[in-house]
Amino acid sequence: MKKSTVAVLLSLLVFPGAGHVYLKRRLRGLAFLAPALLAVLYIFNQALDEANKIVGQISSGAMPLDPAAMAAQIEQSGGNTTAANIASAVMLICWAGSALDAWWLARR
């Protein structure tokens, strides 16, 4: 397999910046990896906070152990915040940019 193909696949399927590390361009890979990792950590932290709220309500008896009630609570929580949208956009930009840049670097 060509070096450019491997680099692009690593950036697309593993994590942004992985293709750059494969091409031995570690600093450039870190420029994609760091913001993407921070975005993923923020999104996971938000999801974990929401899950802990629901578990607390179930434990206290305020919410029945019912999947429909849990889904309604998640809908009401409004997880669609500006910060979550920005984190998602950063992740998407890093992922696409990393794959394109890895392809461009490997082709040179």
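Points worth noting:
- Residue match in region 85-97 (condition: exposed (fewer than 14 other Cβ atoms within 10 Å of the Cβ), over 30 Å from Leu9 (Cβ atoms) and of a type in the set (Gly, Ala, Ser)): no
- Any chance Ser11 is surrounded by 12 or more Cβ atoms within 10 Å (Cβ to Cβ), of a type in the set (S, T, N, Q) and at pLDDT 90 or above: yes
- Among (1) within 20 Å of Gly29 (Cβ to Cβ); (2) modelled with pLDDT of 85 or more; (3) more than 24 Å from the chain's Cα centre (by Cα) - the single one Ser60 does not satisfy: (1)
- Residue tally, condition modelled with pLDDT under 95, crowded, with 18+ Cβ neighbours inside 10 Å and more than 10 Å from Ser98 (Cβ to Cβ), over region 14-42: 4
The values are calculated or read from the model by the stated rules, or taken from the named source; none is laboratory data. Quick caveat, the model's predicted, so the values are computed rather than measured. Reconstructed Cβ throughout: ideal geometry from the backbone, glycine too, with neighbour counts over all protein chains shown.
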